């Protein structure tokens with residue numbers, strides 16, 4: 001029931017923004033989206049499921065209403081933000097932050113900063129404090145995000161085949177961001193932040209509430225894929241990913 | 001080529017030189033387990049023509065629980081003859097071939113259709129890439145193999161461009177064959193790359209007889225090493241020890257009779273995919289893959305400087321624009337490179353995956369060129385990018401040349417070289433030198449002092465050939481290499497005991513005569529003699 005609802009709202013959102021005749025690859029993408037393991041994942045909190053449904057619904061509503069779009073988008077933002085924190089286990093129900101799950105409380109990072117400040121005798125101490133300080137967290141956040149973006153994580157949650165249109169959709173976004181719905185930049189920034197601040201982001205928990213957004217990117221990218229290659233990848237995905245051995 | 005280009009090339013080579021050659025004996029802080037094995041075999045060959053295990057001019061060098069490809073050892077013979085055993089002699093071939101890879105890289109970019117600007121950028125990027133700097137400064141086989149792959153490809157592309165030049169093709173095939181002798185990854189990778197080249201340039205390769213002759217030449221040249229492998233199959237070949245199916249979890253499941261063959265096939269496929277994924281992980285490639293510092297240290301360096309990630313992302317999507325004729329080949333090359341390392345244990349391993357360095361650098365080069373073109377007059381953009389690269393390079397240099405030798409010395413079995421200095425002076429004072437090979441906290445690791453001590457004391461390798469090895473330990477000359485249990489040990493005069501810091505003798509009978517400390521001031525080894 002939940003996957004069907006979410007998929008329907010996500011498709012409705014896409015079709016509202018891109019009406020007219022769709023290419024065969026888009027239909028294939030719809031089929032593959034129905035099979036994505038992420039859609040069938042069940043998070044620990046039921047509230048996260050509800051917030052996912054709400055997020056997909058608000059996205060569709062946003063595409064539908066002619067006025068008051070900003071109210072709808074705020075509701076969508078709240079639901080996806082809260083849902084993301086709940087599904088990612090960064091907060092426990094209803095809103096207590098679990099600091100042990102955040103990247104900022106790792107003792108080894110703090111110790112390393114102190115150690116390098118003490119050891120870097122090739123520069124005077126004031127310069128050492130400039131070189132080795134908590135600004136290293138920006139590097140850690142970047143590392144955390146890109147460590148999450150592995151083929152294995154993305155394949156496991158979205159299917160190998162969908163990485164092809166997802167890549168094209170993202171490339172399209174970075175090339176022509178003005179062609180995408182305005183709130184997209186904020187959504188992607190939120191997704192980035194949610195993955196980065198988590199100490200050990202999990203492929204399902206971290207991406208769960210973001211399914212509608214990813215589905216949109218996949219459908220958007222599917223318009224430009226080579227049908228044969230996409231079909232072949234889908235076949236491989238079905239053979240390799242769906243029947244999970246032992 | 002105009003004067004400005006010549007100056008830039010000279011500058012790039014100078015950069016390659018200063019990042020690869022100075023302080024070879026200082027960073028990495030000590031010859032590693034694998035390096036000393038190569039260095040000793042080169043030293044042994046230089047005087048006896050036999051390796052550590054008394055095999056005459058072997059094609060596969062038996063090392064600690066594994067086997068090494070031959071070319072690096074044979075290339076190490078000349079430096080060790082000229083300079084004597086030491087850190088520089090061991091690491092010099094790798095540093096030289098590392099430097100030589102830079103001009104070959106520039107030529108490759110040009111031959112693949114890149115502009116002169118791109119060729120220079122490619123050379124500059126390679127000269128500054130932490131992965132290549134690190135690999136060029138250790139005596140490992142993969143860096144030398146990388147050069148021969150690059151040079152082989154260079155020769156092949158010359159042959160294609162210069163109307164099937166037989167000389168270029170011959171050089172190419174010899175170089176590709178040498179890469180097979182240089183490292184085990186190339187056993188599969190080089191034939192695979194050649195197959196791709198043959199298919200990609202099929203209009204030439206399938207129609208011209210010289211290419212068939214080239215293939216025959218390659219097969220003839222590599223046949224001895226494969227014959228040697230087949231002869232010794234199941235006994236000592238490295239391919240039998242490093243394959244991914246030996247991963248304990250997978251191995252257990254594959255041997256489980258309750259799992260159907262199709263499921264086993266899926267398990268194998270998933271394991272390879274998992275390994276491939278870890279080799280292509282952007283976090284590993286750009287943030288912490290080099291693993292110079294202890295685990296959890298946020299100042300780790302990636303295999304590439306992290307701003308290169310921006311260029312790689314752009315280059316990946318826009319490669320066809322910068323290399324219109326050969327972008328497909330570059331894509332295939334980049335996708336193929338991590339495949340062979342993915343078939344081995346303990347992924348990701350930066351040494352095995354070094355073959356990916358060149359295609360990734362070419363893609364990064366394309367990214368730089370695209371962004372440079374896109375913002376031809378924007379000073380701010382160039383200043384920001386230059387600052388980011390400079391800052392990340394500064395951190396890499398600080399970590400690599402200063403913090404890494406201090407914090408990771410123990411991983412390189414630091415201390416044996418320093419202890420060898422003490423032994424050299426006092427060799428005549430003792431009848432027996434007993435060395436406990438364990439080291440680290442609570443003696444968890446077992447080292448190879450039986451190679452370090454003779455190498456740095458310049459012992460005659462002939463003495464090693466008549467060694468005795470049994471369940472108690474290893475014995476040659478006046479050395480005994482064995483675990484020392486002080487409860488059963490009976491110390492005697494004229495004996496020198498060298499033990500790790502966590503295995504000191506009971507107080508009373510023996511006295512400490514020498515101590516070696518790690519660069520972070522912890523004790524590494526201690527020498528004890530009779531009171």
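Read-outs throughout are calculated quantities, based only on the coordinates presented, and are distinct from any laboratory measurement. Note that the coordinates shown come from a computational prediction; the quantities given were computed from them, not determined experimentally. Positions of Cβ are generated from backbone atoms using ideal geometry, with glycine treated the same way; all protein chains shown enter the neighbour counts.
As a test, work out the antiparallel percent of DSSP beta bridges whose residues both lie in the protein assembly as shown, rounded to the nearest 5.
Working: 27 of 35 bridges.
Beta bridges within the protein assembly as shown, antiparallel portion: roughly 75 percent.
For segment B:425-483 and segment B:17-51, what is the separation of their Cα centres, given in Å?
With segment B:425-483 and segment B:17-51 each reduced to a Cα centre, they are spaced 18 Å.
Using all C-alpha to C-alpha distances in segment B:177-288, build P(r) with 10 Å bins and read off the rounded percent in each one.
It works out to 11, 27, 31, 25, 6, 0, in whole percents.
Please report the equivalent ellipsoid semi-axes of segment A:18-97, computed as sqrt(5 x eigenvalue) of the Cα gyration tensor, largest first, in whole Å. Walk me through the numbers on the way to the answer.
Numbers: eigenvalues 144, 83, 10 Å².
Working from the Cα gyration tensor, I get semi-axes of 27, 20, 7 Å.
Which whole-angstrom value gives the distance between the alpha carbon centres of segment A:171-219 and segment A:43-83?
Segment A:171-219 and segment A:43-83 have Cα centres separated by 14 Å.
Over 10 Å intervals from 0, what percent of Cα-Cα pairs in segment B:387-442 sits in each interval?
Final binned percentages: 18, 31, 24, 16, 8, 3, 0.
Any chance you could give the angle, 0 to 90 degrees and rounded to 10, that helix B:416-426 forms with the longest Cα principal axis of chain B?
Tilt relative to chain B: about 40 degrees.
Percent relative contact order of chain A, based on C-alpha pairs within less than 8 angstrom and at least six residues apart?
Working: 277 pairs, mean separation 78.2, N = 246.
The normalised contact order for chain A reaches 32 percent.
Determine the shielding of peptide B:57-64 by partner chains: average, over its residues, the number of Cβ atoms on other chains within 10 angstrom of each Cβ. Write out the running numbers ahead of the final one.
On the way: counts 0, 0, 0, 0, 0, 0, 0, 0.
Averaged over the peptide's residues, the number is 0.
In the Gaussian network model of chain A, springs joining C-alpha atoms below 10 Å, which of A:223, A:128, A:185 carries the largest mean-square fluctuation?
Looking only at A:223, A:128, A:185, the biggest GNM fluctuation is shown by A:128.
For segment B:247-326, what does the equivalent ellipsoid look like in terms of its semi-axes, each the square root of 5 times an eigenvalue of the Cα gyration tensor, given largest first in whole Å?
35, 22, 7
If you average 1/r across every pair of different Cα atoms in segment B:472-519 and take the reciprocal, what Kirkwood value do you get, in Å?
Numbers: mean 1/r = 0.0807 Å⁻¹.
Taking every pair of different Cα atoms in segment B:472-519, averaging 1/r and inverting gives 12.4 Å.
For segment B:413-530, state the average projected area of the convex hull of the C-alpha atoms over all orientations, rounded to one decimal in nm².
Working: hull surface 28.5 nm².
Its Cα hull, projected and averaged over all orientations, spans 7.1 nm².
Can you bin every Cα-Cα distance in chain A into 10 Å intervals starting at zero and give me the percent of pairs per bin, rounded to whole numbers?
All Cα pairs, binned at 10 Å, distribute as 7, 28, 32, 19, 9, 4, 0 percent.
At q = 0.13, 0.15, 0.30 Å⁻¹, what log₁₀ I(q)/I(0) does segment A:1-52 have when each alpha carbon counts as one equal point scatterer in the Debye sum?
With one equal scatterer per Cα and no solvent, log10 I(q)/I(0) is -0.37, -0.48, -1.23.
How big is D for chain B, in µm² s⁻¹ as a whole number, if Stokes-Einstein is applied with the Kirkwood radius of its Cα pairs at 20 °C and 1.002 mPa s?
Working: Rh = 25.1 Å.
Diffusion coefficient, whole number: 85 µm²/s.
Once you wrap a convex hull around the alpha carbon atoms of segment A:47-161, what is its projected area averaged over all directions, in nm²? The partial results should precede the final answer.
On the way: hull surface 45.9 nm².
The orientation-averaged projected area of the Cα hull of segment A:47-161 comes to 11.5 nm².
Using only the alpha-carbon atoms, how far is helix A:46-64 inclined from the longest principal axis of chain A? Give it as 0 to 90 degrees, nearest 10.
Helix A:46-64 sits at roughly 60 degrees to that axis.
So what is the diffusion coefficient of segment B:346-497 in µm² per second by Stokes-Einstein at 20 °C and 1.002 mPa s, using a Kirkwood Rh over Cα pairs? Please report the intermediate quantities before stating the final value.
Numbers: Rh = 20.4 Å.
Answer, rounded: 105 µm²/s.
Provide the descending list of Cα extents for segment A:100-192 along its principal axes, expressed in whole angstroms.
On the principal axes, segment A:100-192 reaches 51, 30, 25 Å in Cα extent.
Averaged across the residues of B:268-275, what count of C-beta atoms belonging to other chains lies within 10 Å of each residue's C-beta? Walk me through the intermediate numbers first.
Values: counts 0, 4, 7, 0, 0, 7, 5, 1.
Per residue, the average neighbour count from other chains is 3.
Which log10 I(q)/I(0) values, to two decimals, does segment B:41-134 give at q = 0.10, 0.21, 0.24 Å⁻¹ under the Debye formula with one point per Cα?
-0.40, -0.95, -1.09
Considering only segment B:413-530, what is the antiparallel percent among its DSSP beta bridges, to the nearest 5?
Restricted to segment B:413-530, the bridges split so that about 70 percent are antiparallel.
Step by step: find N for segment B:313-392, compute 2.2 N^0.38 Å, then divide the Cα radius of gyration by it. What's the final number?
Numbers: Rg = 15.4 Å, N = 80, 2.2 N^0.38 = 11.6 Å.
The value comes to 1.33.
Taking every pair of alpha-carbon atoms in segment A:159-200, give the share separated by more than 14 Å as a whole percent.
Values: 518 of 861 pairs.
Considering segment A:159-200, 60 percent of its Cα-Cα pairs are separated by more than 14 Å.
Can you give me the orientation-averaged projected area of the convex hull built on the Cα atoms of segment B:52-99, in nm²?
Numbers: hull surface 15.4 nm².
For segment B:52-99, averaging the hull's shadow over all directions gives 3.8 nm².
Restricting to DSSP H runs of at least four residues, report the calculated mean residue ellipticity at 222 nm for chain B, -39500 (n - 2.57) per run over all residues, nearest 500 deg cm²/dmol.
Working: 21 runs with 290 residues, N = 531.
So the calculated ellipticity at 222 nm is -17500 deg cm²/dmol.
Regarding the protein assembly as shown, what are the three Cα extents along the principal axes, ordered largest first, in Å?
Largest to smallest, the principal-axis extents are 96, 70, 64 Å.
Work out, in µm²/s and without decimals, the Stokes-Einstein translational diffusion coefficient of segment A:136-246 at 25 °C, 0.890 mPa s, Rh from Kirkwood over C-alpha pairs. Before the final figure, lay out each step's value.
Working: Rh = 15.1 Å.
Calculated translational D: 163 µm²/s.
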